[in-house]
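Please treat every number below as a calculation from the coordinates, not as lab data. Keep in mind that what you see is a predicted model, and the values were worked out from it rather than measured. When we count neighbours, we look across all protein chains shown, and the Cβ atoms used for this are built from the backbone with ideal geometry, even at glycine.
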Amino acid sequence: MSYTILICLILIGFVLLALEILVFPGTSVAGILGLAALVFSVYETFATHGSLAGWIMLVCVLVFLVVMLILILRGKTWKKFQLDTSLDGKVNVEAEKVKVGQEGVAISRLAPMGTVEIEGTFYEAQSVMDLIDQKTKVKVVKVEGNKLWVQALADE
């Protein structure tokens, strides 16, 4: 094999490995093919061009692989995929203030759990029986620790 074909095979291997690291989650065909292309190109260099060329190719591939990994991992590539928000809320910290019989409105669909608003405060609640649609009036039927159970109020 000529050096041009081997170098193209190495470039294809590096592109596939970069795709594996940046785009595809887990171990995929791209990573396996990329690694196979690199191993095959180094093997072919040893087999067709001799030991000295093979060792030079192996060292070049390993150095370039380490440089590529450093650039990928140190670059701002991960910042684009990273979730930067944090959750500060806590579930029903003040649930003991809610009493059985209080009424509120379902903010989200309770299927069977969701968010309700009772006297201006949002709570996570569970439907007692059926699913409750958003914007439906609800009534607290049970409070146990920080858990609320609600049921839909009949339309008047």
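Values as computed for the structure displayed
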item	result
Subset of region 1-39 (residues that are of a type outside the set (A, V, I, L, M), in contact with a helix residue (DSSP H, G or I) (Cβ under 7 Å, 6 or more places away or on another chain) and either part of a helix (DSSP H, G or I) or under 17 Å from residue 63 (Cβ atoms) (or both))	13, 14, 20, 31, 34
Close pairs from region 123-142: first farther than 12 Å from residue 109 by Cα, partner assigned to a loop (DSSP other than H, G, I, E, B) and among the β-branched types (Val, Ile, Thr), Cβ under 6 Å, at least 6 apart	140/98; 140/100; 141/128
In region 40-55, the residues that are in a helix (DSSP H, G or I) and exposed (fewer than 13 other Cβ atoms within 10 Å of the Cβ)	47, 51, 52
Strands (runs of 3 or more DSSP E) wholly inside region 109-156 containing at least 2 residues that are of a type in the set (Ser, Thr, Tyr)	121-127
